[in-house]
1. Can you give the translational diffusion coefficient of region 51-115 in µm²/s, computed by Stokes-Einstein from the Kirkwood radius over Cα pairs at 37 °C and 0.692 mPa s?
2. Once you keep just the Cα pairs under 8 angstrom separated by 6 or more residues, what percentage relative contact order results for the chain?
3. What are the semi-axes of the equivalent ellipsoid of the chain, taken as the square roots of 5 times the eigenvalues of the Cα gyration tensor, listed largest first and rounded to whole Å?
4. So what is the 222 nm mean residue ellipticity for the chain from helices alone, if each DSSP H run of at least 4 adds -39500 (n - 2.57) and you divide by all residues, rounding to the nearest 500 deg cm²/dmol?
5. Quantify, in whole percent, the carbon and sulfur part of the accessible surface of the chain (1.4 Å probe; protein heavy atoms only).
6. Determine the sum of side-chain charges near Cys46: Lys and Arg each +1, Asp and Glu each -1, restricted to other residues whose C-beta is under 13 angstrom from that of Cys46.
7. Please work out the FRET efficiency for the pair Asp156 and Glu113, using the Cβ-Cβ distance as r and a Förster radius of 45 Å; give the result to the nearest 0.05.
8. Would you work out if region 75-189 is rounded, prolate or oblate? Take a ≥ b ≥ c from the square roots of the eigenvalues of the alpha-carbon gyration tensor; rounded if a/c is under 1.5, else prolate when a/b is larger than b/c, oblate otherwise.
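The values are calculated or read from the model by the stated rules, or taken from the named source; none is laboratory data. All of these numbers come straight from a predicted model, not from anything done at the bench. Here the Cβ is made from the backbone with ideal geometry for all residues, glycine too, and neighbour counts use every protein chain on show. Surface accessibility is based on the protein's heavy atoms, side chains included, excluding ligands, DNA and RNA. Shrake-Rupley method; radii C 1.70, N 1.55, O 1.52, S 1.80 Å.
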Amino acid sequence: MNRPPGAAGRCHLYVFPFTWEDYGKLGFSRDPLARLQALHHRWYDCFDLDRGALVATETERDARDLELRLRHALRVYNAPAPLTIRPQGAGHTEWYRGAEAALMAEVEALRREGYVVHAPLRPWLRQALVARGELLYDWTLAQLPLGAWRDFDPDDAAQVLVRDVLDGYRALDIPLAPLLAPEVLAWHGRCDRVAHGDRR
């Protein structure tokens, strides 16, 4: 369902801090939203969207060079990947503990050098999700054939995936009603009730 925003040559250095502690991921990506989704299905809960940052670069090579520069500056803060991160998302390197102030100081230095910095992350990510919103209608119907899943089943991996994707739109205050079939919108409304033990 992902469609990278912007021109093919653009890339970003990213800083993704955890919500609940001074622990974060440094890296580069042509599509930071897809990168977040690969690291954790509920990326909007796991990572603090009001504390992270993106640094826009013209090429992937530029982003790689900036990442290497920051890795050298922050090597004393290096830490193992958290257990909550999906290993298949290749999120096992460039994690830092206790480095938020140092990381953001490096990002601010890049801003002064003339790089475009998106901080906090939330507005950029919201724009990226809105740009992909037109894909939601067909994607959800492919995952949730109408009439097949009347109720949310938390043990069904496909249903959990769809719920998590839609919850991301809600977390960034993007209205879902214009983007979904009415039946899918109603199904999503039932997800919360099941999560809280109400199956009515």
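1. Stokes-Einstein gives a translational diffusion coefficient of 252 µm²/s.
2. Numbers: 280 pairs, mean separation 43.6, N = 200.
After rounding, I find 22 percent.
3. On the way: eigenvalues 228, 69, 36 Å².
Working through the eigenvalues yields semi-axes of 34, 19, 13 Å.
4. The helix contribution divided over the chain gives -13000 deg cm²/dmol.
5. About 54 percent, which is the carbon plus sulfur part of the accessible surface.
6. Taking every other residue near Cys46 into account, the sum is 0.
7. E(calc), rounded to 0.05, equals 0.40.
8. oblate
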